[in-house]
Amino acid sequence: MSDALTLLSRLPAPLLAWYDEHRRHLPWREEVSPYRTWVSEIMLQQTRVAAVLPYFARFMETFPTVQALAEGDTEQLLKLWEGLGYYSRARNLQKAAQVIMERHGGIFPQTYDEVLALPGIGAYTAGAILSIAFGQKVPAVDGNVLRVVSRIIGSEDNILEDKTRKQCRQYMDAVMPAQRPGAFNQALMDLGSAICLPGGEPLCEQCPAREFCTAYQQGRQRELPVRISKTKRRVEEKTVFLLLKEGCAALRQRPDHGLLANLWEYPHVEGQLEEEAAAAQLAAWGVTPHRWRKRLSARHLFSHIRWEMTCYVVEVSGDGQPEWLWADKEERKRRAVPSAFIKLTRELPEGKDNG
């Protein structure tokens, strides 16, 4: 047994004891089903637990079963997801629900390969579902687990590389208990999110692994884990318009593929336009500005893109482009507008209290 496995083999007993005392009480843990576990894990990707809780409750009320999700209205689904970001997660949830209905008779599959084949499900989510909902001994390795393991064994391997993640899954597969695999995976999640924090300030004195944690023993918490990203975000400049007319705002729908597919957005063009050029753009669209309310700057980060936006809030007349929807307050409630445009959304009367 390698030195790493020797250290990690000491983890299950104290970790599960700690989890039994300190585990987070969450709705998908109190009432466990494959469907609830799956939805919660997808929502929790890139999103904090506190932010997910109200979304999960609304989602389960609207789409309580796989069948309800498979047959549900996509526009309503995206609206429910509004604010969580990474909207492809919601679309893949529905696609996967449709696959489950068509290929599995509405019953969530129980083999690793079948679960992994569902749209939007990777190795981590497959492991979480199979271990938590079905009691199968399958690791679930995410950033939290990689951080915990790297610190315990003192690994200097880059956790952003696939080979490091693969090695970590092998370690976890070797040491996770067959009796409580779901609890073990959830305990690692909780330890990483509550104790073994990113950055340089983990709460080591409260950690059940501190007696055999290499980073703690050597004072290397700030150094580990090693994260070296090879990807730089591409910068895109945009000028975005919140066009207001008789209580309505202009929206248009994005294409059904690519970034933010099918979502609704405020009209915009590439580049950062000064007011004179912005007025010319409005004229080209067939609208006339009557009052320039405000000019804003906004930035939004995607995984590989950074939007730098100049935003104009303008009262106008004219119908504009044929594909535009002039949406009143009630209509806007039914349309999913991505959080990339949150600064403009806050300029709407009903948005004043949102931020």
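The values are calculated or read from the model by the stated rules, or taken from the named source; none is laboratory data. For clarity, every value in this text was computed on a predicted model and none was experimentally measured. So basically every Cβ, Gly included, is an ideal-geometry build from the backbone, and we count neighbours across all protein chains shown. Ligands, DNA and RNA are excluded from the accessible area calculation, which covers all protein heavy atoms including side chains. Shrake-Rupley method; radii C 1.70, N 1.55, O 1.52, S 1.80 Å.
Summarising the amide proton neighbourhood of residue 244: residues at separation of 5 or more, or on other chains, whose placed amide H is nearer than 5 Å comprise 314, 315, 316.
Calculated [222 nm] ellipticity per residue, helices only, for the chain: -12500 deg cm²/dmol; basis is -39500 (n - 2.57) per DSSP H run with n ≥ 4, divided by all residues, nearest 500. Between the helical axis of 143-153 and the dominant principal axis of the chain, each derived from Cα atoms, what acute angle in degrees is found, rounded to the nearest 10? The helix 143-153 is inclined about 30 degrees to the chain.
When the charge dipole of the chain is built from unit charges on Cβ atoms (+1 for Lys and Arg, -1 for Asp and Glu) and taken about the Cα centre, the candidate among 37, 49, 171 whose Cα reaches farthest toward its positive end is 171. Within the range 230-260, the trypsin sites (Lys or Arg not before Pro) that combine a DSSP coil assignment with at most 14 other C-beta atoms in a 10 angstrom radius are 230, 232, 233.
Angle check, please: helix 162-175 long axis (alpha carbons) against the longest principal axis of the chain (alpha carbons), in degrees 0 to 90, nearest 10. Roughly 40 degrees, rounded to the nearest 10.
Beta bridges from DSSP with both residues in the chain: antiparallel share about 65 percent, rounded to the nearest 5.
Under the combined filter of DSSP loop state and at most 10 neighbouring Cβ atoms within 10 Å, the range 198-276 retains none of its chymotrypsin sites (Phe, Trp or Tyr not before Pro). The slack in the chain from residue 117 to residue 174, taken as 0.36 nm per residue of separation less the alpha-carbon distance, amounts to 18.1 nm. Under the convention that each Lys and Arg Cβ holds +1 and each Asp and Glu Cβ holds -1, the size of the dipole of the range 184-248 around its Cα centre is about 460 debye.
Here the chain is assigned +1 on the Cβ of each Lys and Arg and -1 on the Cβ of each Asp and Glu. Its dipole about the Cα centre then comes out at about 560 debye. Between residue 302 and residue 218, full extension at 0.36 nm per residue minus the direct alpha carbon distance yields a gain of 26.6 nm. Taking the alpha-carbon centroid of each part, what is the distance from the range 243-309 to the range 320-347 in angstrom? Between the Cα centre of the range 243-309 and that of the range 320-347, the gap is 11 Å.
Taking 60, 101 and ordering them by how much accessible surface each has at a 1.4 Å probe, largest first, produces 101, 60. The loop-placed trypsin sites (Lys or Arg not before Pro) in the range 262-355, going by DSSP, that have at most 11 neighbouring Cβ atoms within 10 Å of their Cβ come out as 352.
Comparing mean-square fluctuations of 149, 235, 39 from a GNM of the chain with C-alpha springs under 10 Å, the top value falls on 235. In the full protein context, the range 33-114 carries 46 Å² of accessible surface per residue, based on a 1.4 Å probe and ignoring ligands, DNA and RNA. Helix 123-134 against the longest principal axis of the chain: what's the angle in degrees, Cα atoms only, rounded to the nearest 10? For helix 123-134, the angle is close to 70 degrees. In this Cβ point-charge picture (+1 for Lys and Arg, -1 for Asp and Glu), the range 1-120 has a dipole of about 240 debye about its Cα centre. Evaluated on the chain, the Kirkwood hydrodynamic radius is 22.8 Å, with distances taken between all distinct Cα atoms. Put the Cα centre of the range 133-184 next to the Cα centre of the range 222-236 and the gap is 21 Å. Positive end of the dipole of the range 255-295 (Cβ unit charges, origin at the Cα centre): among 278, 267, 289, the Cα lying farthest that way belongs to 289. With R₀ set to 35 Å, the beta-carbon distance separating residue 21 from residue 74 gives a calculated FRET efficiency near 0.25.
The length gained by stretching the chain between residue 110 and residue 291 to full extension, at 0.36 nm per residue less their Cα-Cα distance, is 59.2 nm. I'd like the carbon and sulfur percentage of the solvent accessible area for the chain, probe radius 1.4 Å, heavy atoms only, ligands and nucleic acids excluded. Whole-percent figure for carbon plus sulfur exposure: 47. Peptides 179-189, 102-112 ranked from most to least packed, by the mean per-residue count of other Cβ atoms within 10 Å: 179-189, 102-112.
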